[in-house]
Amino acid sequence: MSYVTIHGKARLLAPTLLAVALAACSGKDDSAPAAAAGTPASPAATAPEPAVSAKVQSMGTDQLRDSASTALRENRMYAPAGDNAMEYYLALRDKLPDDAAVKSALTDLQPYTLIAAEQSLAREDFPEAQRLVALIEKVDPSAPALPRLKQGITRGMEVAVKRTQEETDQVKKNAEDRAKQLVEQQRLAQQQAAEAAAAQQLAARQEAARKESERLEAERQAAAKREADARAAAQQVAAAPKPAAAAPSLRAVSTPAPRYPADALRSGTSGEVLVELTVGTDGSVTDARVLRANPPRVFDREALNAVRRWRFEPISSPTTTRRTLAFQPNQ
């Protein structure tokens, strides 16, 4: 169990933090993009980047301590490049080579970086594996795992190159096979072209006969349609409705006025209601409904109650009409 000094205070890397860090480390590898897991990174040699970025190296000691503290809290122990605790502490060690707390922090972070390097190697992310190995090597050039990791990277890149070459060879072979198939298909196509020419001549004769048959059938159907249209027109003329008789006129016998709502009367509210009513043959109102009211729902009920009490002279057939009832508080 070791201690990391941040701004002069000793903080214990508790076992819980170690467990969470290991779990997060594993989670990062599991959530790597499918492209990284399924397609090996390009094994082409590139100029190695420094273990600690120039930006981190240019930071002051206080800024490095603050950045390292934040990176630890956010579980950025070794990644992303240029913004992780390992690089911040390595830069601090370069500036404060005798700081025991910084050395202790690097010792605590090294196992996680080692695990991440092995996981990057397993998913063939060779650039990331090389970056992490560079961090480990800067922490401890004699770390026992370094030879194995470097050898694994070299061997993995060789395997990736070989696999790429095999895939290229397979693609080439597939292209040659497709070319042979194309030649055979062209030969068959020429053979079938001659047969198709004869079939087209026969089909042309059959098509001409079909079109002639369709023409005759279309003429027959057109004649039948003209005849049916003529019959339908005659039937429509015969069945044309006679003009409707005029609605009987209504003569009121009794139209009691509506009761003025007490609330509207107290407040001096006026308004009107347009009512649609149906008068039966005996002169009584059989149905009534409000079409429009101003203001709404103030005089509706009293208007309907009054209309339903109205009486008219008997008529020959039920009739629907509309009446507007006005409400004025001074009436």
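The values are calculated or read from the model by the stated rules, or taken from the named source; none is laboratory data. Just so it is clear, the model here is predicted, and its values are computed rather than measured. Positions of Cβ are backbone-derived with ideal geometry, glycine not excepted, and every protein chain shown enters the neighbour counts. Just the protein is used for accessible areas: all its heavy atoms, side chains included, with ligands, DNA and RNA removed. Shrake-Rupley method; radii C 1.70, N 1.55, O 1.52, S 1.80 Å.
Here are the numbers:
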read-out	value
Subset of the range 299-319 [more than 13 Å from L274 (Cα to Cα) and either in a strand (DSSP E or B) or hydrophobic (A, V, I, L, M, F, W, C) (or both)]	W310, R311, F312, I315, T319
Qualifying residue in the range 150-157 (condition: over 16 Å from A51 (Cβ atoms), out of contact with any Leu (no Cβ under 9 Å at 6 or more places or on another chain), open to solvent by less than 50 Å² (accessible area, probe 1.4 Å) and outside any loop (DSSP other than H, G, I, E, B))	yes
Answer from K95, K103, K138 - the residue that is open to solvent by 80 Å² or more (accessible area, probe 1.4 Å), out of contact with any Lys or Arg (no Cβ under 7 Å at 6 or more places or on another chain) and not β-branched (V, I, T)	K95
Selection from the range 60-78 of residues that are open to solvent by 20 Å² or more (accessible area, probe 1.4 Å) and not hydroxyl-bearing (S, T, Y)	G60, D62, Q63, R65, D66, L72, R73, E74, N75, R76
In the range 275-298, residue least open to solvent (accessible area, probe 1.4 Å) [restricted to those that are under 18 Å from P258 (Cα atoms) and not in a strand (DSSP E or B)]	P295
Meets criteria (assigned to a helix (DSSP H, G or I), open to solvent by 100 Å² or more (accessible area, probe 1.4 Å) and either out of contact with any Leu (no Cβ under 8 Å at 6 or more places or on another chain) or not polar (S, T, N, Q) (or both)) for K172	yes
